[in-house]
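Asks: Sending over a structure as structure tokens; questions will come in a sec.
The values are calculated or read from the model by the stated rules, or taken from the named source; none is laboratory data. Model, not experiment: these values are computed from the prediction. Neighbour counts are summed over all protein chains in view; Cβ atoms, including those assigned to glycine, are modelled from backbone coordinates with ideal geometry.
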Amino acid sequence: MKPGELDALLQPWAKEVRSKRLEKDEPYVGCLPEGVPRINPYGTRFVESYTAKGLTHIFILHENGDSGAHRQVFMDGRKHPDDNDLFPSWFGHSIGWWDGDTLVVDTIGYNDKFWIDGKGTPHTEKMHTIERYTRPNFGTLLLDLTLDDPGAFTRPIEYRFQFKAMRPGVDLMEFICLEDNEYGIAGGFTPADENGDKEKAKQQGESKK
Amino acid sequence: MKAKLGVLLAVVGLSYLGLSYLSVPLLAHHGFDTEYDKDQKLTLTGVVTQVSWMNPHMRVYIDVTDKEGAVTNYNCELDSPNNVRRLGWGKNDLQPGDKVDFEANPGKIVKNRVALVKITKVGEDKPLFKRGKPDDPKQSSSK
């Protein structure tokens, strides 16, 4: 997508919401989950879970701990729940299947709390994503992600991500974002702070002997 | 035949260098410009008071004494502890009491909260840590 092209696809209400959002107000900076597709590019591991009946779940792990701990993809052939049983969540309800050598992950049931990007692009609970993972060679994983949200965009959007395999011995490690989140203080604000109490932040941040 | 994904570990864009020279890839420091001034760079010498291996950003605290003898403690932010570890920095490589030369971008409001650019132990040639430019392309391709 060319710069500015995403803008042209936003419905008027979404454009207006986005224009008013400030980077510091994104839920992610307060250690809340990033959602999809924001979490996708980060270091990831796919973990398959089997029972005697075969593959039942794939867990997509990301390192961004509490803001992206794991996604659960049901591989047992089930359908998405009916609307009355579908409670919106940060990563939605994912079902998956194999299409030849392509892993397809179909997700609905996202809440509208996370941002599509750092600029504040909004979405609605109607958002539906389809991820198609292919592995052209051992060290490369490709993801084609279609984002379809008729509540916020005028047409579906396509993303393409390319992943490289990490060298052996490198693992995902614990990441607890909330343990020492000092985001904003250097800039005179905190994520929860509407207007930025700069003087208070200055006193909080400085230490002189 | 299906291509089994198994336990493939995949990552975008990280670079790994030898242990003798560590460079931190700037992994999408969210909101760098809201907090730090990338056009200013401080160059200082001081004594490490604390090394904090905590998420989301590791911090090194350094006491710097000015010409008048006043001491300011700098709160220096790095990348996540996991990413710094992956570049070879060990738990004990930097200790309170170590004397260091460092470069950093200052906070826009709170000047002693800084984003670390480079740090070298005094007397050693190679930096312990060196960051790319603050306006390096962000890792996330979703923007």
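Asks: Give the range A:136-156 a look and list any residue that's in contact (Cβ under 8 Å) with a residue 60 or more places away in the chain and at the interface with chain B (Cβ under 10 Å from one of its Cβ atoms), or say none.
Replies: Scanning the range A:136-156 gives A:LEU143, A:LEU145, A:LEU147.
Asks: Just need a number here: residues in the range A:185-209 that are touching a Lys or Arg at 6+ places or on another chain (Cβ under 7 Å) and either at pLDDT 90 or above or more than 7 Å from chain B (Cβ to nearest Cβ) (or both). Full working, then the answer.
Replies: First pass over the range A:185-209, keeping only residues touching a Lys or Arg at 6+ places or on another chain (Cβ under 7 Å): A:185-189, A:191, A:205.
Then drop every residue that is not either at pLDDT 90 or above or more than 7 Å from chain B (Cβ to nearest Cβ) (or both), which leaves A:185-187, A:189, A:191.
Looking only at that region, the number is 5.
Asks: For the list (1) at pLDDT below 95; (2) touching a helix residue (DSSP H, G or I) at 6+ places or on another chain (Cβ under 6 Å), I need the number of the one condition that A:THR154 fails.
Replies: Against the list (1) at pLDDT below 95; (2) touching a helix residue (DSSP H, G or I) at 6+ places or on another chain (Cβ under 6 Å), A:THR154 comes up short only on (1).
Asks: Turning to a different aspect of this structure: Any chance the range A:128-146 includes a residue that's within 24 Å of A:TYR28 (Cβ to Cβ), assigned to a loop (DSSP other than H, G, I, E, B) and not β-branched (Val, Ile, Thr)?
Replies: no
Asks: Taking the condition of being in contact (Cβ under 8 Å) with a residue 12 or more places away in the chain and part of a loop (DSSP other than H, G, I, E, B), how many residues in the range B:80-105 meet it?
Replies: Of the residues in that region, 11 qualify.
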